[in-house]
Amino acid sequence: MRLIPIVIAAFGTTAKARASYDLLDARIRDRFPDHEIFWAWSSRMIKERVTDQRQQTISSPYEVLEALSRQHFPWAVVQSLHLLGGHEFIRLVEETGKSPIRTSIGLPLLSSPADYQALCTSLAPLINAHPDQAVLLIGHGTDHPAWCAYPALQYFMRRQFGPRLFVGVIEECVPSSSEVIADLTAAGFKEVCIIPLLLVAGMHFYRDLAGKNKDSWMSLLNRADIRVEIVAQGLSTLPAIGNIFCRHIDDALTIIPEGNRQKEK
């Protein structure tokens, strides 16, 4: 019998940052050894320009599900690798809803209070390694109603680590860079450690966080006379992050009626 396949739907990244996804892939395969695992890029732009190591075009979630339909699978789990339930996640849900087979969606990284707490715990070693600095987590940002995930994360972080924890975003939305820098300055911090709130340290890391351009977080903080140290890794390098996604896959599998969880070879 063949078990329900698992489709990992990532936003996508450049080839240079693919190694971070490989760590997640290994964790998921270790946790679900009897399930077939497939990857898909939800970003059309990245999908069109990035090829995998076998020089094959990386499929969209719909294309993967269409192929599974031809193999007569009745169901598939589609696990989102988005950080929160914003525009990209909604598009993923809409896309999979049009597929020829039924799907059960694994929720994004931050979907419940337990997820926020697990993220805090996973980041504890990095945060505790910088006891005399402010720590600034920087995510992508969104104008979707899910924007409130960022102040919610700051709430959880401060409960565990105190008022030296701050959360910012790359896009011009709440909380804005000017607001965060004003808060850092008002609190008297002269040094800050940036931890990317990104799964992989790809384009956004090198351009928007650590870049030399005038609008990068590094440049903005330096102009405010705040010295910056940046952790050059994405969240997917942390084993506990893989555990959160595996828990969401488990939840998605549980929703599927038991009689549909296997198919004959």
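Figures for the structure shown
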| read-out | value |
| --- | --- |
| Residues of region 172-206 classified as surrounded by fewer than 20 Cβ atoms within 10 Å (Cβ to Cβ) and in contact with a Ser or Thr (Cβ under 7 Å, 6 or more places away or on another chain), total | 2 |
| Residue count, region 178-203 (criterion: small (Gly, Ala, Ser), modelled with pLDDT of 95 or more and within 12 Å of Ile138 (Cα to Cα)) | 0 |
| Among residues of region 190-226, those that are hydroxyl-bearing (Ser, Thr, Tyr) and outside any helix (DSSP H, G or I), counted | 1 |
| Check on Leu92, assigned to a helix (DSSP H, G or I), within 25 Å of Asp251 (Cβ to Cβ), touching a residue at least 60 places away in the same chain (Cβ under 8 Å) and assigned by TED's automatic domain parsing to the domain that holds His204 | no |
| Close pairs (9 angstrom Cβ cut-off, 6 or more residues apart or separate chains): modelled with pLDDT of 95 or more in region 20-33, of a type in the set (Phe, Trp, Tyr) and assigned to a helix (DSSP H, G or I) anywhere | Arg27/Phe245; Ile28/Phe245 |
| Top-ranked residue of region 241-259 - restricted to ones that are at pLDDT below 95 and touching a Ser or Thr at 6+ places or on another chain (Cβ under 6 Å), ranked as surrounded by the fewest Cβ atoms within 10 Å (Cβ to Cβ) | Ile255 |
| Set Gly106, Gly97: member being closer than 17 Å to Ala252 by Cβ and at pLDDT below 95 | Gly97 |
| Residue check, Pro151 out of contact with any His (no Cβ under 9 Å at 6 or more places or on another chain), free of Cβ contacts under 8 Å to residues at least 40 places away in the same chain, closer than 13 Å to Leu84 by Cβ and not β-branched (Val, Ile, Thr) | yes |
| Search result, residues across region 80-109 that are among the acidic types (Asp, Glu) and within 13 Å of the chain's Cα centre (by Cα) | Glu88 |
| Which listed residue is under 17 Å from Leu235 (Cα atoms), at pLDDT 95 or above and either in a helix (DSSP H, G or I) or among the β-branched types (Val, Ile, Thr) (or both), from Gln117, Gln79 | Gln117 |
| Region 129-187, residues that are farther than 20 Å from Leu110 by Cα, in a loop (DSSP other than H, G, I, E, B) and aliphatic (A, V, I, L, M) | Ala129, Ala187 |
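The values are calculated or read from the model by the stated rules, or taken from the named source; none is laboratory data. Keep in mind that this is a model prediction, so the values were computed, not measured. Note that each Cβ is placed from the backbone with ideal geometry, even for glycine, and that neighbours are counted across all protein chains shown.
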